[in-house]
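Accompanying notes for the structure given below.
The values are calculated or read from the model by the stated rules, or taken from the named source; none is laboratory data. This is a predicted model, so every value here is computed, not measured. No Cβ is skipped: glycine too gets one built from the backbone with ideal geometry, and neighbour counts run over all protein chains shown.
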Amino acid sequence: MSGRSLRIYAFVYLVFLYAPIALLPIFAFNDGTIIAFPLQGGTTRWFTELFAARSTALHESVINSLIVASITAVFSTLLGICAARAATRYRFPAQRGIMGLIMLPLVLPEIIVAVSLLIVFMNVGLGISLWTVIMGHVLICTPFCIAILNSSFQNLDPAIEEAAHDLGETQWNTFRLITLPLVMPGIISSLLISFTISLDEFIIAFFLSGTDPTLPVYLWSQLRFPQRLPVVMALGTILVVLSILILILAETMRRYGLRRAGLKDKGGFL
Amino acid sequence: MPSDTHTIKGLKLVSPPLLYAVLLLAGPLGMILLFSFLPQPDNPTEATFTLSNYAEAFNDPIYPELLRRSLLISGAVTVVTVLLAFPIAYFISFHVSPRHKSLWLFLITIPFWTSYLIRVFLWKVILGFNGVVNSSLMGLGLIETPLQFILYNPTAVVITLAHAFAPFAILPIFVALEKIDRSLLEASRDLGENRLTTFIRVTLPLAMPGVLASILIVFIPTVGDYVTPEQVGGPGGTMIANMIQLQFMRLDNQPMGATLSVLTMASVTVIALILLVLNRPFLRTQR
Amino acid sequence: MTMITLQGVEKHYGDYHALRGINLDIQAGEFFSLLGPSGCGKTTLLRTIAGFEDVTDGTVTIDGQPMANVPANRRPTNMVFQSYAIFPHLNVAQNVAFGLRRRKDLNAAARNTLVEDALDMVGLDGYGKRAAHALSGGQRQRVALARALILKPKVLLLDEPLSALDKKLREQMQSELRRLQRQVGITFILVTHDQEEALIMSDRIAVMFEGQIAQLADPQTLYRRPISRQVGEFIGVMNILPAEVKIAVGARIAVDVAGLGPVMLTPDQCPAGAKTGQTHVGIRPETMAIAFENDTDTGNLIDGQVEEVAYYGDMTYYDVRLQNIERPVTISMKNLVGRHVLQRGEKTKVRWDERSLVLFKQ
């Protein structure tokens with residue numbers, strides 16, 4: 001295929017990718033209770049409804065999701081740092097097997113992760129709560145964190161750490177003064193990405209959240225009530241805008257990190 | 001180069017994530033396997049372990065049918081997604097200037113990070129009775145009455161999943177294409193191949209590991225997808241995950257749910273292994 | 001005075017035996033080189049001195065202090081890394097000042113003076129505010145040097161520091177490093193695979209093969225009297241000729257060299273305890289000559305035929321076939337005024353001198 005026909009194809013493909021998201025704001029500002037064409041004229045009442053006092057269930061689910069996503073981001077990034085550092089810097093027995101197990105959730109159907117955790121939590125008497133959701137989310141976010149952090153740690157010339165050690169710094173100070181600042185952009189994008197994944201995750205939260213729903217679980221319950229759908233559209237619009245902002249921040253951090261390490265940009269974060 | 005202290009440091013460092021994966025992944029997966037051999041709650045028998053769940057899963061026509069349909073739908077999703085994704089990955093790798101590559105990748109990943117539930121729901125809006133497709137076609141005068149065959153069936157599931165997993169398919173192929181030394185393509189042209197034959201004889205074989213990664217990374221998770229069939233699948237588009245959910249959350253039948261989970265994992269694993277074996281010649285060319 | 005002593009140093013990586021019984025004394029103020037092909041253990045040896053590798057067996061002593069259990073950050077050595085390892089997030093001055101952080105006795109002004117002096121010493125005055133990644137290869141090398149030397153180490157370790165530079169810059173840095181070493185008077189240990197670089201720069205050179213020191217000598221001895229065929233062929237070009245040791249006559253040894261005939265060698269041309277029997281001798285290309293009609297030198301002449309001619313501009317290298325030997329010998333000639341270059345196939349006479357022969361062990 002020639003460059004031009006490929007370019008046309010690429011733009012059509014982008015339209016396909018963005019079509020659903022482009023519809024969100026259209027219906028969020030549409031003054032009609034049915035999510036269908038033709039449009040009924042503009043309104044902002046679905047957004048006011050979102051913030052109305054009677055939407056307490058929604059507000060609680062947002063708070064639940066923020067708590068879950070924040071804690072998940074911190075723990076999965078910490079685990080990711082350990083694994084990525086170990087995998088890029090050291091050689092140890094059964095390395096491929098160990099890393100394979102840790103990365104497995106990346107390719108496992110989420111429902112399998114969800115039901116296997118459900119069985120365990122129900123049968124060891126732990127019950128289910130937001131904490132069990134967090135445990136599940138840390139499991140599926142860690143592989144993404146490792147993928148991001150791996151490239152940060154790989155870009156780090158081992159001689160740089162040796163140089164700091166050679167110039168008189170202890171192992172810990174070398175980590176603090178050299179390693180950490182250089183991988184910091186990777187750590188921040190890892191935090192942001194795992195936060196976003198956790199915020200959006202439905203299946204595991206659906207199985208493991210118990211009486212406190214996260215935002216996606218709450219959304220799922222609302223999709224059954226047609227009169228609630230315009231509000232869901234408004235909420236979706238806000239979420240999309242927020243996600244895009246977080247992603248731009250993550251991408252900026254990643255590029256900043258590459259520039260600081262004096263490296264050429266080689267692609268996106270996955 | 002490894003020495004003993006080096007190895008120990010590495011093991012120490014990897015132990016927290018490893019311990020976590022053992023406790024919350026390997027352990028629970030083992031539990032599922034164990035539960036699939038337990039008697040069902042409404043059918044108490046004397047035996048502690050039983051194969052009756054597996055017998056039921058194979059004899060009751062609904063389970064094999066659902067599993068077969070899940071694999072077929074996932075297969076279709078995979079083929080569609082990877083075929084649509086390859087030209088995009090090729091375009092970004094070979095026709096986009098290096099400065100703009102990461103912008104394109106960024107544009108492609110953005111939709112993936114927006115709420116999955118809402119994206120799936122919006123496909124319902126697009127494909128629905130009064131949806132975007134129907135109202136546009138009617139507005140253009142191409143059809144008189146709304147098309148009804150595009151929602152609540154396996155086709156809708158395939159379209160929706162192909163959309164959801166697009167970036168997953170593009171990125172591995174892109175990475176494989178980026179790794180190809182451009183002088184190999186020049187060498188092929190120099191040795192008398194034209195652009196098409198160069199693509200077939202050099203580019204495609206070297207991109208195969210990436211294509212295979214895309215296939216697996218799309219196929220495996222989609223087999224167990226729950227949201228899309230539930231939203232846009234209708235009765236004919238129900239998949240195995242919906243049945244697993246039903247067993248666990250509605251029927252409270254953990255042993256049967258576990259059995260179906262084990263069977264799903266087993267069939268996915270078998271298919272993945274077959275794909276890997278078939279592609280061995282391509283994988284061996286890469287160190 | 002001895003600065004570094006290595007005694008029976010052994011290093012194993014699993015099954016791989018990287019260093020085999022290294023014994024070595026390096027003097028204070030010496031420019032010492034570890035020379036060898038890649039994988040010979042020279043970098044591993046340097047890293048055991050720096051403290052990045054533990055020895056499996058044996059001892060490392062620096063300035064009289066045993067170094068067992070002394071980590072790299074507490075050793076009186078500093079290293080210039082092959083990749084230079086310039087901290088990418090710090091500017092030039094911050095890089096150079098990195099090791100001064102723990103010097104609590106220095107105030108900011110004193111520290112700045114030290115940094116400026118160090119940059120001045122390596123010819124980078126005024127570069128302090130530059131970002132690290134905006135530097136050229138040669139400049140990075142200088143920053144790495146300044147960063148290590150500012151700490152006034154007892155020993156400076158250099159791991160292939162010039163291998164990433166192009167030829168011109170490399171030659172310039174070679175003489176600059178030599179000047180710097182004389183100026184600061186610190187012991188320098190250089191790891192290199194480039195025999196020319198080692199010869200130019202070093203006071204003494206240790207040639208390493210397969211984890212062992214094959215020969216330890218000053219550059220001239222190493223070049224003129226390599227201890228083995230392996231060393232002789234690694235350093236420069238050496239013609240290897242089959243030879244037979246006939247008999248020792250007093251202190252001298254009678255040898256029959258293929259293509260050249262019988263010669264008498266002095267003890268310094270022979271390995272200790274040479275026995276009668278088949279062996280090899282080596283002879284350097286520049287110690288042989290094409291005998292042109294107009295030269296009046298005397299000496300041994302033998303007939304030969306030119307097989308190959310390589311014209312280098314200042315020099316011409318000839319491969320000349322001699323009678324009774326399998327491989328042609330290489331002879332280098334300066335292209336002096338009025339001296340013509342022979343053609344392939346021309347018959348010629350070759351002049352050689354038995355004082356330039358080295359006898360190798362059987």
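Scanning region B:102-147 for residues that are modelled with pLDDT under 80, farther than 30 Å from B:Phe174 by Cα and of a type in the set (Val, Ile, Thr) gives B:Val132, B:Val133, B:Ile143, B:Thr145.
Note on region B:71-89: among residues that are within 9 Å of chain A (Cβ to nearest Cβ) and surrounded by fewer than 20 Cβ atoms within 10 Å (Cβ to Cβ), the one that is farthest from A:Ile35 (Cα to Cα) is B:Pro87.
When region A:208-240 is filtered for residues that are assigned to a loop (DSSP other than H, G, I, E, B), modelled with pLDDT under 90 and among the polar types (S, T, N, Q), the ones remaining, listed by number, are A:Ser209, A:Thr211. Considering (1) more than 25 Å from B:Ser15 (Cβ to Cβ); (2) not in a helix (DSSP H, G or I), the lone condition that A:Leu156 does not fulfil carries the number (1). Filter region A:161-178 for residues that are touching a helix residue (DSSP H, G or I) at 6+ places or on another chain (Cβ under 6 Å) and in a helix (DSSP H, G or I); which is surrounded by the most Cβ atoms within 10 Å (Cβ to Cβ)? For region A:161-178, the residue satisfying everything is A:Asp166.
Does C:Arg130 satisfy the condition of being closer than 24 Å to A:Asp166 by Cβ, exposed (fewer than 15 other Cβ atoms within 10 Å of the Cβ), free of Cβ contacts under 8 Å to residues at least 60 places away in the same chain and not polar (S, T, N, Q)? For C:Arg130, the condition - closer than 24 Å to A:Asp166 by Cβ, exposed (fewer than 15 other Cβ atoms within 10 Å of the Cβ), free of Cβ contacts under 8 Å to residues at least 60 places away in the same chain and not polar (S, T, N, Q) - is not met.
Could we say that A:Arg259 is over 16 Å from the mean Cα position of the chain (by Cα), of a type in the set (D, E, K, R), in a helix (DSSP H, G or I) and modelled with pLDDT under 85 here? It is true that A:Arg259 is over 16 Å from the mean Cα position of the chain (by Cα), of a type in the set (D, E, K, R), in a helix (DSSP H, G or I) and modelled with pLDDT under 85.
In the set B:Tyr116, B:Tyr152, only one residue is under 30 Å from B:Thr259 (Cα atoms) and within 13 Å of another protein chain (Cβ to nearest Cβ); that residue is B:Tyr116. Counting residues in region A:44-54 that are without any contact (Cβ under 8 Å) to a residue 24 or more places away in the chain and of a type in the set (S, T, N, Q) gives one or more.
Scanning region A:139-163 for residues that are within 7 Å of another protein chain (Cβ to nearest Cβ) and either of a type in the set (A, V, I, L, M, F, W, C) or within 25 Å of the chain's Cα centre (by Cα) (or both) returns A:Leu139, A:Thr142, A:Ala159, A:Ile160, A:Ala163. Considered as a group, the residues in region A:82-112 that are surrounded by 23 or more Cβ atoms within 10 Å (Cβ to Cβ) and more than 7 Å from every other protein chain (Cβ to nearest Cβ) include one that is nearest to the chain's Cα centre (by Cα), and that residue is A:Ala84. Just the residues that are in contact (Cβ under 8 Å) with a residue 24 or more places away in the chain and more than 15 Å from B:Phe165 (Cα to Cα), please, taken from region B:112-141. Of everything in region B:112-141, those that are in contact (Cβ under 8 Å) with a residue 24 or more places away in the chain and more than 15 Å from B:Phe165 (Cα to Cα) turn out to be B:Phe121, B:Lys124, B:Leu127.
Take the conditions within 22 Å of B:Thr264 (Cβ to Cβ), out of contact with any Cys (no Cβ under 9 Å at 6 or more places or on another chain) and more than 11 Å from chain A (Cβ to nearest Cβ) and apply them to B:Leu142. Does it pass? So B:Leu142 fails the test.
Scanning region A:72-79 finds one or more residues that are more than 13 Å from chain B (Cβ to nearest Cβ), among the hydrophobic types (A, V, I, L, M, F, W, C) and assigned to a helix (DSSP H, G or I). The residues of region B:157-202 that are closer than 22 Å to B:Phe121 by Cβ and more than 13 Å from chain A (Cβ to nearest Cβ), listed by number, are B:Val157, B:Val158. From the list B:Tyr63, B:Tyr90, which residue is out of contact with any strand residue (DSSP E or B) (no Cβ under 9 Å at 6 or more places or on another chain) and under 25 Å from A:Leu108 (Cα atoms)? The conditions single out B:Tyr63. Of the helices (runs of 4 or more DSSP H) lying entirely inside region B:114-232, the ones with 2 or more residues being over 27 Å from the mean Cα position of the chain (by Cα) are found at B:132-139, B:182-190, B:195-198.
Only one of A:Val62, A:Val133, A:Val115 is under 18 Å from the mean Cα position of the chain (by Cα), assigned to a helix (DSSP H, G or I) and under 28 Å from B:Val223 (Cα atoms). Can you tell me which? Sole residue among the options that is under 18 Å from the mean Cα position of the chain (by Cα), assigned to a helix (DSSP H, G or I) and under 28 Å from B:Val223 (Cα atoms): A:Val133. Considered as a group, the residues in region B:164-195 that are touching a Lys or Arg at 6+ places or on another chain (Cβ under 7 Å) and not acidic (Asp, Glu) include one that is farthest from A:Leu106 (Cα to Cα), and that residue is B:Ser188. When both residues are 6+ apart or on different chains and their Cβ atoms are under 7 Å apart, which pairs have a first residue that lies in region B:229-254 and is closer than 17 Å to B:Ile73 by Cα, and a second that is buried (at least 23 other Cβ atoms within 10 Å of the Cβ) and charged (D, E, K, R)? These pairs meet every condition: B:Met239/B:Asp225; B:Ala241/B:Asp225. Meeting the requirement of 3 or more residues that are within 14 Å of chain A (Cβ to nearest Cβ) and in contact with a strand residue (DSSP E or B) (Cβ under 8 Å, 6 or more places away or on another chain), the helices (runs of 4 or more DSSP H) wholly within region C:45-151 are C:137-149. C:Ile189 versus (1) away from chain A (no Cβ under 14 Å); (2) among the hydrophobic types (A, V, I, L, M, F, W, C); (3) under 14 Å from C:Leu45 (Cα atoms): which is the lone unmet condition? Tallying (1) away from chain A (no Cβ under 14 Å); (2) among the hydrophobic types (A, V, I, L, M, F, W, C); (3) under 14 Å from C:Leu45 (Cα atoms), C:Ile189 fails exactly one: (1).
To keep it simple, each residue is scored yes or no on (1) buried (at least 18 other Cβ atoms within 10 Å of the Cβ); (2) under 30 Å from C:Pro76 (Cβ atoms); (3) in the same structural domain as C:Met79 (by TED's automatic domain parsing); (4) of a type in the set (D, E, K, R).
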site: C:Val191; (1), (2), (3), (4): yes, yes, yes, no
site: C:Gln195; (1), (2), (3), (4): yes, yes, yes, no
site: C:Asp218; (1), (2), (3), (4): no, yes, yes, yes
site: C:Arg229; (1), (2), (3), (4): no, no, no, yes
site: C:Ala254; (1), (2), (3), (4): no, no, no, no
site: C:Gly261; (1), (2), (3), (4): no, no, no, no
site: C:Cys270; (1), (2), (3), (4): yes, no, no, no
